[in-house]
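First up is the structure itself, then whatever we jot down about it.
The values are calculated or read from the model by the stated rules, or taken from the named source; none is laboratory data. This one's a predicted model, so the numbers in the text were calculated from it and none came from an experiment. Please note: Cβ atoms are built from the backbone with ideal geometry, for glycine as well, and neighbour counts cover all protein chains shown.
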Ligand SMILES: [Zn+2]
């Protein structure tokens, strides 16, 4: 059975700490370049290239010398889809799921505060998933002014467990690296 090149692979740093999730395609290029080694693979699924056939990687580990540089290139990209994935496609004000979601700026872009003298930034730490009702209700106010409370403080994720690929293949085999 051949592997899906878009399947997710967990990436560990040299010290076995999880740093990101990448598609099989990207994992293979890190392996081919000698920047990573396979930690776990699925032997029953094969990936092929001109010269080799190997099990599909499930977990790979970056090698020491290049870990820092590659880690930086593997950072989770800031965009709407990844913010929604971080928030598990759940409105961070009312907890609604399965509804259309927007991105809410916790401190509105037009709002100047002591922390944000130029207005609320478009960043991981200031953006959350919000349903249309909550976004509308909050308007250009701070959550406390609108009597609304965030379920969780927004943060910059080191990796995304809520996979953009939509499937959780390999998840069981990732668990012990994610503690
Ligand atoms: Zn809501």
Exercise for the section: Those residues that are out of contact with any strand residue (DSSP E or B) (no Cβ under 6 Å at 6 or more places or on another chain) and buried (at least 16 other Cβ atoms within 10 Å of the Cβ), I need them from the range 132-145; list them, please. Expected result: 134, 138, 143
Exercise for the section: Under 9 Å between Cβ atoms, at least 6 apart or on separate chains: pull out the pairs that start in the range 87-98 with a residue that is assigned by TED's automatic domain parsing to the domain that holds residue 134 and within 17 Å of residue 147 (Cβ to Cβ) and end on any residue that is within 8 Å of the ligand (Cβ to nearest atom) and in a loop (DSSP other than H, G, I, E, B). Expected result: 91/99
Exercise for the section: Would you check if residue 111 is away from the ligand (no atom under 16 Å from the Cβ), surrounded by 13 or more Cβ atoms within 10 Å (Cβ to Cβ) and at pLDDT 90 or above? Expected result: yes
